[in-house]
Every structure is written in structure tokens, then in C-alpha cells.
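The values are calculated or read from the model by the stated rules, or taken from the named source; none is laboratory data. Please read all numbers here as calculations on a predicted model, not as lab measurements. Neighbour counts are summed over all protein chains in view; Cβ atoms, including those assigned to glycine, are modelled from backbone coordinates with ideal geometry. Accessible surface is based on the protein model in full, side chains and every heavy atom, while ligands, DNA and RNA are left aside. Shrake-Rupley method; radii C 1.70, N 1.55, O 1.52, S 1.80 Å.
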Amino acid sequence: MTNIAFIGVGNMGNPMAANLIKAGHTVAAFDLSADLLAKAAKAGARAAGSAADAAEGAEVVITMLPAGKHVKEVCLGGLFDQLSPGTLVIDCSTIDVDTSREVHAAAAAKGFAMVDAPVSGGVGGAEGATLTFMVGGADDAFARAKPLLEKMGKTIVHCGGPGNGQAAKICNNMMLGIQMASVAEAFVLAEKLGLDAQRLFDVSSTASGQCWSLTTYCPVPGPVPTSPANRDYTPGFAAALMLKDMGLALAAAESTGADVSVAEQAASLYQDYAEAGQAGKDFSGIINLIRDRAK
Ligand code: NAD
């Protein structure tokens, strides 16, 4: 049994914390939302009054916060002053690589072990403990984090040193964002050419155009009955979250000098879709923007 402080019990953090409690660990939770904190308490967590209060006696601190600025605010804004040397810090939020490495450095200076461990798998994966964790950090920190991550997920991949979990997450989601744009454009072109969507799916799902955006999240209703297109693009994976992740990829490219011109174009589609009031819809809904733009 491990004493765990869990900071940020939103859509993802709440079920993740619940799975740790189910596995027999003691969890003290903190969130700015009293309602979410009450929900975590219902699942068996101690509702703490602050991040520092949650960290009292914690051997492990897990953060699951919206973005880099929140992780920095929480960790460097007092939490790290409360922890004993040797504490393991696991940041599961999806944040920019530079901020992640900055927080890693601050943790190392205080004698903490740290991993960045962003996830893929969404709320369903968090509830079912089937998340994929992409982990960055030293070997010994990874070895300590792995048994806990296994209580919340199914696939745990050590991607290298500090920040490399975030790097893997950002690169993966950049591919996803580009691929959905390519699939959506192809289906609109097929419509223009008089090619039936199901026929295109039958060919491309077994040919070289095959990808997750086609075979799992097909952006037209019909070929994949479980895809968000069949429920008016209810997420799924909201366009706002895809836009956030594309933004992280573009920022990483800017800071490293990588050329990501295709990603820039794809990101502008998600931006336009969000600005059209569709940020809460599934990201595959960009097909409607692309169709509307067709001459
Ligand atoms: P969320 O907004 O539901 O949860 C974040 C929580 O952090 C909120 O409850 C908020 O009140 C809390 N918070 C913010 N600042 C805080 C502070 N200073 N102290 C304490 N609590 C604070 O977001 P989520 O959907 O749970 O996502 C969390 C992270 O996981 C994000 O980085 C997101 O990109 C990533 N992610 C989400 C999904 C998904 O499908 N939702 C999938 C993969 C990764």
C-alpha cells in the first residue's frame, strides 16, 4: 500500500484515482472544484484542502492537470516545498516538453524522483484502467512508477529521459491530427467524384490509406458504426483537445527547428472548426468544414 497525493481529479483524474483506491492504495485528492473533490471522496479518497495538504505524508504525488502552466503553478508554487527527498512525482497531464523538463529539473534539484507519464485512451480508458502511458524519466524512477501505472493502464512504455513521454504523446497526436485531415479530405473528394463512401472504406481500410482515423474514427456515418460520425460527432476526442495537442506539437517544432508544415495546415483546420463554435464536437467533425468549403 502506498500513500498517494492526487492533484487534479477531473474527467481523467477521478477514475484514475478511483482505480488506485480499488487496488488498495491510500489516496489524498485535491482539486479546485469542490464537486469533483466530493466525487473523489465518494470513491474513497481523502478530500484535502490544498495540494500541500494532500501531499502530507505522501510517498508519491500524481498530477493530472489541464496544461503546462497549471503543472508549473502547482509543483513550483509550493507543492515541491512540502515533499520529502525521495518522493516520487508522476505528472500524467499532457503538457509541453519544455515545461515538463523544467519541472523535472526542479524535482531533481530537490532530490525527488520524477516521471512524465501522459496518457492515451480517454475517459473510457481511465475508467477501465486500460490507458496507455508514455513515460519519460530515469530508469529507477520508471521502475518505481510502473507498478502504480499498471493499476491505471494496460500499456506502459518507457520512452527515454525527462520529457520524452510528452514528446511521444505530442508526436503521436500530431500524426493523428494530420491523418484525420487527410481521411476527411479524401472522403469529401470521393463524394465529388461520385464514389460511394462505403466503397472507399472497403478499399482503403485494407489498402495503403489505412490508419486509425479511417478504421476506428471514420469521419462519415456508416462504415464504422461506433465512430463519432454516427452520433452527430459527439466526442470521442473533442476538437478543442486536438487543437491543444496540435498547438503543443507546433510549439515543440518552433523550439527545436523541426519542419512541420503539414501539421500547421492541419492545425488551422481544427482552429477554424473550433472558432466556428464546434470546439466541443469530435475532431472528426472537421469533415463538415471541409465539405462546406468545397466549391
Ligand atoms: P479536466 O479539465 O477534466 O481536469 C483537470 C482538473 O484539474 C480540473 O478538475 C481542474 O479543476 C483541476 N485543476 C486545475 N488547476 C488546478 C490546481 N491549481 N490545483 C488543483 N486542481 C486544479 O481535464 P481532463 O480531461 O481530466 O484532462 C487532464 C489532462 O489529461 C489534460 O492535460 C488532457 O490534455 C489530458 N488528456 C485528456 C484526455 C481526455 O480524453 N479527457 C485524454 C488524454 C489526455
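Among the protein heavy atoms, those of residue 25 account for about 30 Å² of accessible surface (1.4 Å probe, every chain in place). Dipole check for region 3-161: with +1 at the C-beta of Lys and Arg, -1 at the C-beta of Asp and Glu, and the Cα centre as origin, the magnitude is about 400 Debye. Between amide H atoms placed 1.01 Å from N, distances below 5 Å from residue 27 occur with 4, 46, all of them 5 or more places distant or on a separate chain.
Between residue 140 and residue 271, the contour length at 0.36 nm per residue exceeds the alpha carbon distance by 43.1 nm.
Pairs spanning more than 28 Å between alpha-carbon atoms, out of 39/281; 169/192; 39/146; 42/151; 22/69; 146/281: 169/192; 22/69; 146/281.
Charge dipole (Cα centre; +1 on Lys/Arg Cβ, -1 on Asp/Glu Cβ; no other charges) of the chain amounts to roughly 580 debye.
Would you calculate a helix-derived [θ] at 222 nm for the chain, using -39,500 (n - 2.57) for each DSSP H run of n ≥ 4 and dividing by the full residue count, to the nearest 500?
Details: 13 runs with 143 residues, N = 295.
Roughly -14500 deg cm²/dmol at 222 nm, from the helical runs in the chain.
Once each part is reduced to its C-alpha centroid, what is the distance from region 109-159 to region 255-278 in angstrom? Answer, in whole Å: 28. Taking label positions 7 Å along the Cα-Cβ direction at both residue 171 and residue 205, the computed distance is 3.0 nm, reported to one decimal.
Applied to region 41-49, the Karplus parametrisation 6.51 cos²θ - 1.76 cosθ + 1.60 on θ = phi - 60° returns per-residue 3J(HN,Hα) values of 5, 4, 7, x, 7, 7, 7, 8, x Hz, with x for Gly and Pro.
Counting only heavy atoms of the protein chains and using a 1.4 Å probe, residue 189 has close to 100 Å² of accessible surface.
In this structure the amide hydrogen of residue 153, modeled in the peptide plane, comes within under 5 Å of the amide hydrogens of 131, none closer than 5 places in sequence on its chain.
Give the angle, between 0 and 90 degrees and rounded to the nearest 10, that separates the Cα long axis of helix 239-256 from the longest principal axis of the Cα atoms of the chain. So the helix axis and the longest Cα principal axis differ by about 80 degrees. Taking all Cα pairs closer than 8 Å and separated by 6 or more residues, the relative contact order of region 167-293 comes to 32 percent. Between helix 97-109 and the chain there is an angle of about 10 degrees, using the helix long axis and the longest principal axis of the Cα atoms. Measuring nothing but protein heavy atoms, the accessible surface of the chain at 1.4 Å probe radius is 54 percent carbon and sulfur. Between residue 41 and residue 182, the distance separating the two model label sites (each 7 Å from Cα on the Cα→Cβ line) works out to 5.0 nm.
FRET efficiency for the pair residue 292 and residue 32, taken as 1/(1 + (r/R0)^6) with r the Cβ-Cβ distance and R0 = 35 Å, rounds to 0.40. A crude spin-label estimate for the pair residue 193 and residue 50, with each label 7 Å from Cα along the Cβ direction, gives 6.3 nm.
Summed over the residues of the chain and divided among them, the accessible surface reaches 44 Å² per residue at a probe radius of 1.4 Å.
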